[in-house]
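Taking it in order: structure first as structure tokens, then the write-up.
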Amino acid sequence: MNYQNMVMSLLPLIALLNLMLYKNHFLHLLLCLEIITLSMLMFLSMNFLLMNIPLPLVSVVMLTLGACEASLGLTLLVLMVRLFGNDYMSNISMSKC
């Protein structure tokens, strides 16, 4: 197993572990989700290259969904900072309604 395959297989696991352990800031959660999306895209594209399958449509769809996820997350982050003044996840609570 070469170095690139090892990094590509460990990157989503590290991002998931980071997502579960550090949940203080909303921006940190968004970055972890973006790393998971991009690592899935890298993993799929490398597997398609190794199997000689020309499926660029899957990569384009994954990139489009990743861009939509990033823009929606950034919009939510801006709204959260405007409403609460920071991006702490402890500010989001249903008991304040």
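Data overview
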| item | result |
| --- | --- |
| Filter result (outside any helix (DSSP H, G or I) and surrounded by 14 or more Cβ atoms within 10 Å (Cβ to Cβ)) within segment 78-87 | 87 |
| Selection within segment 43-70 - modelled with pLDDT of 80 or more and among the polar types (S, T, N, Q) | 64 |
| Breaking point among (1) in contact with a Gly (Cβ under 7 Å, 6 or more places away or on another chain); (2) modelled with pLDDT of 85 or more; (3) open to solvent by 80 Å² or more (accessible area, probe 1.4 Å), for residue 30 | (3) |
| Which numbered condition residue 71 misses (of (1) in contact with a helix residue (DSSP H, G or I) (Cβ under 8 Å, 6 or more places away or on another chain); (2) small (Gly, Ala, Ser); (3) loosely packed, with under 14 Cβ neighbours inside 10 Å) | (1) |
| Residue in segment 77-90 that is more than 10 Å from residue 26 (Cβ to Cβ) and hydroxyl-bearing (Ser, Thr, Tyr) present | yes |
| Failed item in (1) assigned to a helix (DSSP H, G or I); (2) closer than 30 Å to residue 85 by Cα; (3) not small (Gly, Ala, Ser), with residue 6 passing the rest | (2) |
| Where residue 23 falls short, out of the listed (1) in contact (Cβ under 8 Å) with a residue 60 or more places away in the chain; (2) under 12 Å from the mean Cα position of the chain (by Cα); (3) open to solvent by 100 Å² or more (accessible area, probe 1.4 Å) | (2) |
| Residue within segment 88-96 that is among the charged types (D, E, K, R), open to solvent by 50 Å² or more (accessible area, probe 1.4 Å) and modelled with pLDDT under 80 present | yes |
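Let's see how each residue does on (1) in contact (Cβ under 8 Å) with a residue 24 or more places away in the chain; (2) assigned to a loop (DSSP other than H, G, I, E, B):
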{"position": "44", "(1), (2)": "no, no"}
{"position": "47", "(1), (2)": "no, no"}
{"position": "54", "(1), (2)": "no, yes"}
{"position": "60", "(1), (2)": "no, no"}
{"position": "64", "(1), (2)": "no, no"}
{"position": "70", "(1), (2)": "yes, no"}
{"position": "76", "(1), (2)": "yes, no"}
{"position": "90", "(1), (2)": "yes, no"}
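The values are calculated or read from the model by the stated rules, or taken from the named source; none is laboratory data. Please read these numbers as outputs of a predicted model, since none were measured by experiment. Backbone-built Cβ (ideal geometry, glycine too); neighbour counts: all protein chains shown. Calculation scope for accessible area: heavy atoms of the full protein, side chains included, ligands and nucleic acids excluded. Shrake-Rupley method; radii C 1.70, N 1.55, O 1.52, S 1.80 Å.
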